[in-house]
Structures are given as structure tokens and as C-alpha cells.
Amino acid sequence: MKTAANAPSTVDPPAPASFAEKGRDKWGALQGVHWGDKIFHYTTGTFAILVLALPLLMMVMLIAASRLSITNFGPAFLVDTQWDPVREEFGALPFIFGTVVSSLLALLLAVPVSLGLAIFLSELCPKKLRKPLGFFSELLAAIPSVVYGFWGIFVMLPWLRDSVQPALARWFGFLPIFQGQALGFGMLAAAMILAIMIVPTIASISRDVLRAVPDTEREAAIALGATPWETIRHAVLPMAKSGILGAVILGLNRALGETMAVTMVIGNRPKISASLFDPSHSMASVIANELIEAEKDIHVSSLSQIALLLFGVALVMNLGARWLVSGVKRRAAKITASVKLETSK
Amino acid sequence: MMQSNLPAPSQLPARIVVEDLNAYFGGAHALHHITAQIPDKKLTAIIGPSGCGKSTFLRCLNRMHELVAGARVSGRVVMDDIDIYDKRVDPVRLRRRVGMVFQKPNPFPTMSIRENVLAGLTLNGIRPKDADAIVQHTLERVALWTEVKDKLHNSGTSLSGGQQQRLCIARVLAVQPSVILLDEPCSALDPIATARIEELFAELKNEYTLVMVTHNMQQAARVSDYTAFFYMGDLVELDTTQRIFTNPKVSKTEEYVTGRFG
């Protein structure tokens, strides 16, 4: 069979190697299907779709499971302070209060420490110490929360009860937040354990954000006669601001969802109290504590609605954090990209 | 333009006297026993192939070199009868007197044009009462005022590369240094922007001592009064630009400026 090699072309010298092969049409040698690649492509694609589908399915499931509670209590569920499974009274406010207050308080304690740690690790620390210190601060994030809770019960609670709370009551007892009986467990204990748990998260992300600020920014400030602190304050932090905010929100996110360590030290009493010494409860803890023993449908449904609320809060927080962190990276990437472009000329 | 009637650098009042300067990066000896006099209110270009130590030399003049981990300096650099490496000298204070412009324009991206001009003052905790006048005067000085006077509150990074570099020069001028170090200030700019910056240098050298590292020999020939040729960490020759480019004493210099290596 004559093939493409001596087809219409006129002035071609004898073609050295034709695509065509004996016994196949002219597309022959150029055709091929890579089955391995196709299978790989679709398998990995399926995993990706699973990641998309799972949260959606969870959301749908939670909404369905919460229907009874939603129709029964309506919006009042969010503001009702009574939680009494025996009398079938369900209000989520004490849990919302416990979660939000303990998490915000944890941020208040953790943010200054984390920022200090991040700035030290990224800007001031001698190079030799940078890695080991960073490793240890990340190691803190790897400790399981039940271990934190264990430590909390046996070390932190006695310390709070015998030293910290009496001292706070003595010096700041005029404030309603430091009144009442020093029990150890309660809102303050929960906030403290959360603070310890979120420091590594906030610190390591903030350190990465600070490291992403190009050195040209630092040099610009140093060459103008800025001290190390002025360089950080005027050249580094402004560029890292939104990324650090993102790190803080991710820390908050972790605090909002933390279950085990909180339930071990918060006291698990659904009461709203002004005093940080009093026991409280949280959204995550109440689900973990009561779901197994909940027999009535309305009880399960109410717990499910609390889960739905927690899910929604975490989702919104996470999206916000991502948006903020990407802002810094975009700006830094712009700068480094232009440096590369110009130096490669 | 090359001036033909300049005296040898040692015959002029020196702004910077460098005596037996050595610079190290960890174990690497980057600059060897540099001794030089940099004349006052002139533009001195520093040329040489990549890795010859020209940028390191520049960074020794405002004590930026020692910021690199493991970097070390020995020898003396004397300005106004003071050895800037004396223990009593605070490098932070020194850098307010010895300004520096970098290869890549680096206005602070989070600051407006106006804030960038005042950045050196703000950093040093100075809040001048006549800030508006300083901004206008400094921007006029770098021929940027008419272009930006209506958008002083825009971000500094919204400007073109050449404008950004002039903004960075303005930022340096605002702190009133006596010496300005220029580290390949035009290498990131197009030829038109480069020409405008070079014009600016020609004006600035009436008031300031300029030291410019450049890898562009034509630029050194165009704008500088004196040229120092560095090779492998040694200062081979420092003389009037005209002599370096037409009749250098050392054959290595001639080989370099005629493009036989580098």
C-alpha cells in the first residue's frame, strides 16, 4: 500500500522517516491511548470529588437531622438559655456562649505570645536556633488534645484553684469576672488550655507569613537607619498584617471546634455566668457528652442543630482566613516575581 | 560626560577614606586589604566582573555587610574623621547619614507615595511640621513632583519602575545624608528611565558624594567622575574615569574595560 510519504507533495526530497507504518493508515504511528494515565486521572479525580462531596453531604445530613429541633423551637433555639433533656427544653445559648467566650479569651491570651514567638523565630532568632525552636513550637500542635486535657486536670486545675484564682480574686476581685468560688475547672481553665493549644498554630503560620515578606523590604528600612524593631514595625508587619490576621482566625477556628481538652476542664454545666471561675459548657463538649446517651428524638435533633451551628461558624471562619492569608502571598509573590524578572535580564 | 581635566582622586578632599578593609563571609575572604579615597561631591563608579566584591565593598560603607550571618569586616572606613567601624559608632545612626539605593526599586508597598518620601523620617521617629514642604521639595529634587503631585496618596508601587526608583532616591534624600550608595540603581530599568536617573545623578553630585556599583561599563563611562575597578576581591585601580577607560595603569583593567573578559 502506498502511504503518505509519496502523496501529493511535489518538491519534497525522499522523506527520511514517515509517520506512517506498514499496514496502517497514515495516522497509525501517531495514534495512541494511554490507559494507565486515564485510569490514574479518573481515580485521583474521584478522590477530589469526594473531598467536595463530603462536606456537602455532612451539611445535608445535619440539616435533615436537625429538622425536628428547627421546626419545634425555631429561632428561639439560639437565644434560649434552658437545656433540660428531662423536661425536653432545649436552648443553645449557654453552649454558644461557652464556646465563643472561651475561644475569644483563648485568643486574647494566645495572640501576644504567638506573635512574639513568630517575630522572634522569623526576624530575631540566631539562625542556629531557628530550626529547633520552630520544630518544638510545631511539636506542641501535634500533641493529642486528650493529653492536654489530662495535663489540664492534674497540673493546671490544682494550680488555678490554689494559686491563680485566689490571687486574681484578691487583686481584681472587684471585677465580676473574677468573683465566685475558686474551683479550678471552669471557663478560665478552658480558655487557658485552648490558648496553649492554639499558640503553635498561630505562631507557625505567622512565622511563615513573616518569612514570605521579601528581604528587599527589610533592607529598604535598614538602609534608611531603622533599628531591628523599627524594621519589623514599619516594613515587615504592615505587609504581613492580613496574613497574621488569617493565622489568628485559623487559631480561633481550632479553639471553636476543640472538644476533648475543653470538656475535661470546663465543668460541663450549661449556665451563663459572668465569672470566669464558674463552670461552663461548649457546643462541641455537649455533643460529645450527650449524644451517646440521648434517647429522645428531640434531644438528638437539638444536638444535631448545635453541630450544624458549629459547622457553619467553622466554615465561615476558614474561608475568611484563607482569603486573608492569600492576600499577603499575592503581594509578596508580585514583588519576588518582579525581582526575578529584572535580575534575569 | 567624561571630564578630562580631573585631578587624581588622592589630590581631592576625600569624603571616605578606606584603609586596609577586609570583608569576609564566614570563611570566604571577599575583600582583600582595600585602601582607597573616595572624593567628596563626585560620582565614583565601581566596576568589575560578577563576584569581584563590588557590592560587598559598597555594603561595607554603610555597615550593611555585617547583617549577613557570618559576615565580618576588619580595617577602617573613615568619614568626617570618624572610623565607622569604631565600637562607639551605632550602625543605625550611621545609615541615616549614608543612604542607599538598591538594584530593584523597593518603595514600601503598604505606604503611599507621600508616606514613602517621609518613611526615613517616620522610621526615625521624626514627625516634621513642614512635612508637605519636605515632600514637595524632595519630589521636585528627583523630578517626580509634577508626575505624582495629584496622587500622593496612591501606593508607591502603583508607579512605573523608573518612577519607583526616583521615589526611592527621594526617600533617601529626605533624611539628608551626606553620602549616597547606589547598588546597580538602573539595572532594573529601561533605557529611557535609566537616562533620566543618570541626569538626576549628575545634579545630585553637586551636593552629595555618590558611590555607584554598576555592571554597565558604558554607564560608568557616561556618568562617573572616578572609577574603581575591582577584580577577585582586590581593588585593582582607582582613578579618573577617563584614565580608567582610555589609559589605565594596570593591564587587567584595560582587558576588562575593552571587554576581553568579564
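Per-structure values
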{"read-out": "Matching residues, the range B:209-229, being among the β-branched types (Val, Ile, Thr) and open to solvent by 10 Å² or more (accessible area, probe 1.4 Å)", "value": "B:VAL223"}
{"read-out": "Unmet requirement for B:GLU184, which otherwise passes all of (1) over 22 Å from B:ALA131 (Cα atoms); (2) over 12 Å from the mean Cα position of the chain (by Cα); (3) at pLDDT 90 or above", "value": "(2)"}
{"read-out": "Qualifying residue in the range B:54-68 (condition: among the hydrophobic types (A, V, I, L, M, F, W, C) and open to solvent by 20 Å² or more (accessible area, probe 1.4 Å))", "value": "yes"}
{"read-out": "Residue match in the range A:280-288 (condition: buried (at least 19 other Cβ atoms within 10 Å of the Cβ), more than 21 Å from A:MET197 (Cβ to Cβ), in contact with a strand residue (DSSP E or B) (Cβ under 9 Å, 6 or more places away or on another chain) and not hydrophobic (A, V, I, L, M, F, W, C))", "value": "no"}
{"read-out": "Output for the range B:151-167, where each listed residue is within 20 Å of B:THR44 (Cα to Cα) and either within 12 Å of chain A (Cβ to nearest Cβ) or among the hydroxyl-bearing types (Ser, Thr, Tyr) (or both)", "value": "B:GLN165"}
{"read-out": "Count of the range B:179-224 residues which are part of a helix (DSSP H, G or I) and of a type in the set (A, V, I, L, M)", "value": "11"}
{"read-out": "Residue count, the range A:122-139 (criterion: closer than 22 Å to A:GLY251 by Cβ, part of a helix (DSSP H, G or I) and open to solvent by less than 70 Å² (accessible area, probe 1.4 Å))", "value": "6"}
{"read-out": "Pick from the range B:70-80, criterion part of a strand (DSSP E or B) and closer than 21 Å to A:GLU123 by Cα, ranking: nearest to the other protein chains (Cβ to nearest Cβ)", "value": "B:ALA71"}
{"read-out": "So A:VAL86, is it closer than 18 Å to A:SER301 by Cβ and surrounded by fewer than 19 Cβ atoms within 10 Å (Cβ to Cβ)", "value": "yes"}
{"read-out": "Residue in the range A:257-275 that is open to solvent by 20 Å² or more (accessible area, probe 1.4 Å), assigned to a helix (DSSP H, G or I), among the charged types (D, E, K, R) and under 17 Å from A:PRO94 (Cα atoms) present", "value": "no"}
{"read-out": "Flag for A:ILE292 being surrounded by fewer than 21 Cβ atoms within 10 Å (Cβ to Cβ), more than 26 Å from A:PHE178 (Cα to Cα) and aliphatic (A, V, I, L, M)", "value": "yes"}
{"read-out": "Single unsatisfied condition, B:LEU67 versus (1) out of contact with any Asp or Glu (no Cβ under 6 Å at 6 or more places or on another chain); (2) more than 9 Å from chain A (Cβ to nearest Cβ)", "value": "(2)"}
{"read-out": "Checking B:GLN176 against (1) part of a helix (DSSP H, G or I); (2) open to solvent by 40 Å² or more (accessible area, probe 1.4 Å); (3) within 12 Å of chain A (Cβ to nearest Cβ), the condition it does not meet", "value": "(1)"}
{"read-out": "Count - residues of the range B:225-262 that are within 17 Å of B:ALA45 (Cβ to Cβ), hydrophobic (A, V, I, L, M, F, W, C) and outside any helix (DSSP H, G or I)", "value": "7"}
{"read-out": "Candidate set: the range B:203-222, residues that are of a type in the set (A, V, I, L, M) and over 21 Å from B:LEU61 (Cα atoms); chosen: the one modelled with the highest pLDDT", "value": "B:ALA221"}
{"read-out": "Residues located in the range B:81-132, provided they are among the charged types (D, E, K, R), touching a residue at least 60 places away in the same chain (Cβ under 8 Å) and either away from chain A (no Cβ under 12 Å) or in a loop (DSSP other than H, G, I, E, B) (or both)", "value": "B:LYS104"}
{"read-out": "Test: residue in the range B:181-204 that is open to solvent by 10 Å² or more (accessible area, probe 1.4 Å) and under 22 Å from B:LEU21 (Cα atoms)", "value": "yes"}
{"read-out": "Cβ pairs under 7 Å, 6+ apart, first in the range A:238-266 and away from chain B (no Cβ under 14 Å), second open to solvent by less than 20 Å² (accessible area, probe 1.4 Å) and at pLDDT below 90", "value": "A:GLY246/A:ALA321; A:ILE249/A:ALA321; A:LEU250/A:ALA321; A:ASN253/A:ALA321"}
{"read-out": "Where A:VAL164 falls short, out of the listed (1) over 23 Å from A:ALA261 (Cβ atoms); (2) among the β-branched types (Val, Ile, Thr); (3) without any contact (Cβ under 8 Å) to a residue 40 or more places away in the chain; (4) surrounded by fewer than 20 Cβ atoms within 10 Å (Cβ to Cβ)", "value": "(1)"}
{"read-out": "So B:VAL148, is it more than 14 Å from every other protein chain (Cβ to nearest Cβ), more than 19 Å from the chain's Cα centre (by Cα), open to solvent by less than 10 Å² (accessible area, probe 1.4 Å) and modelled with pLDDT of 90 or more", "value": "yes"}
{"read-out": "So B:ARG141, is it at negative phi, away from chain A (no Cβ under 12 Å) and open to solvent by 30 Å² or more (accessible area, probe 1.4 Å)", "value": "yes"}
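The values are calculated or read from the model by the stated rules, or taken from the named source; none is laboratory data. Computed from a prediction, not measured in an experiment: that's the story for all the values here. Because the Cβ atoms are built from the backbone with ideal geometry, glycine has one as well, and the counts that use them run over all protein chains shown. Side chains are part of the model used for accessible areas, which takes the heavy atoms of the whole protein and leaves out ligands, DNA and RNA. Shrake-Rupley method; radii C 1.70, N 1.55, O 1.52, S 1.80 Å.
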